[in-house]
Amino acid sequence: MSYKEYPKVELHLHLEGGAPPAFIRQLAHEKKTDLSRIFREDGSYEYRDFDHFLTVYEAACSVLQTPEDFRRLVLAVMEQSAENGVVYSETFLSPDFCGGGDLSAWREYLHAMQEAADEAERKMGVTLRGIITCIRHFGPEKAKPIALCAAETMGDFITGFGMAGAEMVGRPGDYSYAFDMAREAGLRLTCHAGEWGGPDMVADTLRDLAPERIGHGVNAIHDLALVDRIAEDGIVLEVCPGSNVFLGATGDWPEHPIRMLRERGVKVTVSTDDPPYFGTTMTREFEGLARAFDWTEDDFAELNRTALDAAFCDDATKDKIAKLLEAT
Ligand code: ADE
Ligand code: ZN
């Protein structure tokens, strides 16, 4: 069966990473910027490996220059999500790309994105919430003003704080100042770990930054005692199988750790990460899992419930989304 229409809850989507290549090409054209080096002839993004992916990603972000650009970006990304049945999306937002982490600039970008989120909810039926993320390879000092942006703008829309970027740069504890500031402000926390780093990176992230969710976390599978601890502590993994397979962070679909993690009692959820970069959509994620593991609607209903339980939004929003899920 096709899972395109099946309602879905997504917790791990990078807003800039969701930008359709045609959207970035159009902005480059409007701004008279030559970005041809980051596109293949067929129009898709071109990169060699994960480090080069981050370079191409930042080059694509260079044409996102104004609040209006980000308003259009939110609508373009949510259009793709809604087309693939997503009814609730938690999206990573990076003030580094919105005025370099300056708080008053960030407020203007955020205002534009929130307006677009309201429009997407009205017209497309997808509810969006934001998780502010610092970027690991920009270093711990740059993470502090990003945490301040998060602390100062938290509310109904900005619900969490996290960290993305090159996982092998530094150690999790280097970023504890930023995470402590976000936690003290009342933000919920998530952090990328165990996509490229081993189980030690996941363990250190849990010990030093104490997030309730981990972005990816799949390499925890190499230490079953850690997997059992993650399960017992109820830590939620934002697993992105299509991203892992495409980038080679894991083996192919049939060997993907999501199945074993789930069977050992870990709370797993499914997301796309940066869908046009990895040739995926939420529909393709569900269909890949159905093909690889014979997962059925019962499994996907459970994944959706786990994701909604772990969502950072308020209870009224969760109740509204739960009704949409129950209707299927
Ligand atoms: N930023 C965007 N996508 C990412 C990923 N898969 N890992 C780390 N940082 C990212
Ligand atoms: Zn990610």
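Every number in this text was worked out from the coordinates using simple rules, so none of it is lab data. Not measured: the values here are computed from a predicted model. Neighbour counts run over all protein chains shown; Cβ positions are idealised from the backbone, glycine included.
Treat the count of other C-beta atoms within 10 Å as a stand-in for reagent exposure and order MET181, MET201, MET168 from fewest to most.
Ordered by Cβ neighbours within 10 Å, fewest first: MET168, MET181, MET201.
Can you list residues whose amide H is under 5 Å from LYS8's amide H, if they're 5+ apart or on another chain and H is modeled 1.01 Å from N?
So LYS8 has HN proximity to VAL86, VAL87, TYR88.
In nm, what is the difference between 0.36 nm times the number of residues separating LEU324 and ASP200 and their Cα-Cα distance?
40.8 nm
Based only on Cα atoms, what mean projected area does the convex hull of the stretch 141-228 have, in nm²?
Projected area, direction-averaged: 5.5 nm².
List every residue whose amide H lies under 5 Å from the amide H of SER271, counting only residues 5 or more places away in sequence or on a different chain, with H placed 1.01 Å from N in the peptide plane.
VAL239, CYS240
Distance from the Cα centre of the stretch 81-118 to that of the stretch 252-328, in angstrom?
Rounded to whole Å, the Cα centres lie 22 Å apart.
For ARG207 paired with GLU5, estimate the spin-label separation in nm (one decimal), with each label point 7 Å from Cα along the Cα-to-Cβ line.
About 5.1 nm, to one decimal.
Mind giving me the nanometre distance, one decimal, between the label points for ALA185 and GLU255, set 7 Å out from Cα along Cα→Cβ?
Placing both labels 7 Å along Cα→Cβ, they lie 4.2 nm apart.
In whole Hz, with x marking every Gly and Pro, tabulate ³J(HN,Hα) for the stretch 278-294 from phi via Karplus 6.51 cos²θ - 1.76 cosθ + 1.60, θ = phi - 60°.
10, x, 10, 8, 5, 4, 5, 4, 5, 5, x, 5, 5, 5, 6, 10, 6
Counting other beta carbons within 10 Å of each residue's own, what order do LYS144, LYS123 fall into, fewest first?
Listed from fewest to most nearby Cβ atoms, that is LYS123, LYS144.
Relative to the Cα centre, what is the charge dipole magnitude of the chain, using +1 at the beta carbon of each Lys and Arg, -1 at the beta carbon of each Asp and Glu, and rounding to the nearest 20 debye?
Value, rounded to 20: 340 debye.
Under the rule of at least 5 residues apart or a separate chain, name every residue whose amide H is placed under 5 Å from the amide H of ILE158.
Amide H neighbours of ILE158, under 5 Å, 5+ apart: GLY130.
Which ³J(HN,Hα) values in Hz, rounded to whole numbers, follow from the phi angles of the stretch 210-217 under the Karplus curve 6.51 cos²θ - 1.76 cosθ + 1.60, where θ = phi - 60° and Gly and Pro get x?
6, x, 8, 10, 10, x, 6, x
Sort GLU90, GLU184 so that the residue with the fewest other Cβ atoms within 10 Å of its own Cβ comes first and the one with the most comes last.
Least crowded to most crowded, the residues run GLU184, GLU90.
Give the lysines reachable from LYS267 as a straight Cα distance under 21 Å; neighbours fewer than 8 places away on the same chain don't count.
Cα-Cα hits under 21 Å: LYS8, LYS318.
Quote the relative contact order of the chain in percent (integer), defining contacts as alpha-carbon pairs under 8 Å separated by 6+ residues.
19 percent
Across bins of 10 angstrom width beginning at 0, how are the C-alpha pair distances of the chain distributed, in whole percent?
6, 28, 38, 24, 4, 0
How large is ³J(HN,Hα), in whole Hz, for each residue of the stretch 244-261 in order, when computed from phi with the Karplus curve 6.51 cos²θ - 1.76 cosθ + 1.60 and θ = phi - 60°, using x for Gly and Pro?
4, 5, 5, 7, x, 6, 10, x, 6, 3, x, 9, 5, x, 4, 5, 5, 4
In deg cm²/dmol and to the nearest 500, what is the mean residue ellipticity at 222 nm of the chain if only DSSP H runs of at least 4 residues count, each as -39500 (n - 2.57), divided by the residue total?
That calculation yields -15000 deg cm²/dmol at 222 nm.
Please give every one of the aspartates and glutamates within straight-line cross-link reach of LYS320, meaning a C-alpha to C-alpha distance under 13 Å, and leave out same-chain neighbours fewer than 8 residues apart.
Cross-link targets: GLU121, ASP309.
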